[in-house]
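Notes for the one structure printed next.
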Amino acid sequence: MQERKKVYTSFHDLSPREYMYFPKGTLNAGKPGEFSRTEITHILIAMGVLTIAFSFTISANNLFSGFNDIGSLLLFIPISFLGIVTAFFVHELSHKFMAQKYGLWSEFRMYPRGLLLSLVLAFLTGFVFAAPGAVMFRGETRNFETGRIAAAGPLANIIIAGITYALYRFVFFEAGFVGKVLGFICLVNALLGTFNLLPFGPLDGVKVIRWNGIVWSILLTISIILLVFIFYGGISLPGF
């Protein structure tokens, strides 16, 4: 019996009217890897805001503890950018490309209120609550397709976290600053992958479980093991 298809307007089960719109003439599936001007704008804004927010965090400059070293805030901007590119950007692109593989219209849309909250919290307290937006897709999709699209993002984070952990541990362990940058990239990817695999609300984990509970268990177990290695394996991070 053929599996019934569903039509989604939002990958994260939120009303598109909450934080995005479909520009006229952009609902065609497009070629894999194709971006619209609107999508590029949203990605750049989201990456810029998150980069600044994480810079407040790792430089320990915020209103609560004081702005003691503005120079370090500027120094950590490129480091934060590397973390955002390898974690957030790759995560969302993985969702997008997998959706396009199945012939769906798929683009990232930022969540302005979430970005503002991330920036304000980082400025006030140094804590980052990243809610930059989500990849939206539109079209008919079966359960296994939705599950694979959902799993693509955390899987990309797990792979990057594993590679950077290995580089840190076996190649750049005594390399000082380079090692710390690798440690930061590893941590951000491991945290993002693990968080998105949680089986709650609009997170990726819910959709992966609906598709295949074994795949979800394997991905979550690997991501947790990576976090244990990071926190108990002596990884040195910039700013800490």
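Maximal additional length on extending the PHE144-ASN68 stretch stands at 22.3 nm, based on 0.36 nm per residue less the C-alpha distance. Extending 7 Å from the Cα toward the beta-carbon at both ARG37 and ALA166 defines two label points whose distance is 4.3 nm.
Every number in this text was worked out from the coordinates using simple rules, so none of it is lab data. Since the structure is predicted, the reported quantities are computational estimates derived from the model, not experimental observations. Every residue, glycine among them, receives a Cβ derived from its backbone with ideal geometry; neighbour counts consider all protein chains shown.
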